[in-house]
Amino acid sequence: MRIYAGNLPYDLTEEDVRKEFEAFGEVTSVALPRDGRAKGFGFVEMPSKIEAETAIAGLNGKMIKERAITVSEARPRAEAGAGAGGGGGARGGVGRGARSPGGFGGGGGSGGRSGGPRRY
């Protein structure tokens, strides 16, 4: 089972996270994304669903280095980005390009994300 761990202290290592979760069972992998520095969240993979659910219950809200961490079942990757792009239709369509300065915009009616700067 894939588990999301958030609000992690930035100086926490993958080994630190592994030790926290191994108290509840076998840990297959730990990944803490970094972009020059820690991002404050990560993912833990545990093969046993029962052990993973026990870890979630036992660690969610736990204080680690003065931070209450959040632990939950990770959402599938396809679901994680749902809703970010929005509907589209006329908002991202050709009509938008005609209104944008310098001809930016237009095209890409499905996501509403292509084109020039957003105007609110």
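Taking residue 35, is it among the charged types (D, E, K, R) and at pLDDT below 95? Spelling it out, residue 35 is indeed among the charged types (D, E, K, R) and at pLDDT below 95. For residue 96, the criteria (1) at pLDDT below 80; (2) surrounded by fewer than 14 Cβ atoms within 10 Å (Cβ to Cβ); (3) over 23 Å from residue 27 (Cα atoms) hold in every case but one, which is (2).
Apart from one condition, residue 7 fits all of (1) open to solvent by 30 Å² or more (accessible area, probe 1.4 Å); (2) out of contact with any strand residue (DSSP E or B) (no Cβ under 7 Å at 6 or more places or on another chain); (3) at pLDDT 95 or above; the exception is (2). Residues in segment 105-117: is at least one open to solvent by less than 30 Å² (accessible area, probe 1.4 Å) and at pLDDT 55 or above? There is at least one residue in segment 105-117 that is open to solvent by less than 30 Å² (accessible area, probe 1.4 Å) and at pLDDT 55 or above.
The values are calculated or read from the model by the stated rules, or taken from the named source; none is laboratory data. Owing to the predicted nature of the structure, the values given are computational and were not obtained by experimental measurement. Please note: Cβ atoms are built from the backbone with ideal geometry, for glycine as well, and neighbour counts cover all protein chains shown. Areas reflect the complete protein model, heavy atoms only, side chains present, ligands, DNA and RNA absent. Shrake-Rupley method; radii C 1.70, N 1.55, O 1.52, S 1.80 Å.
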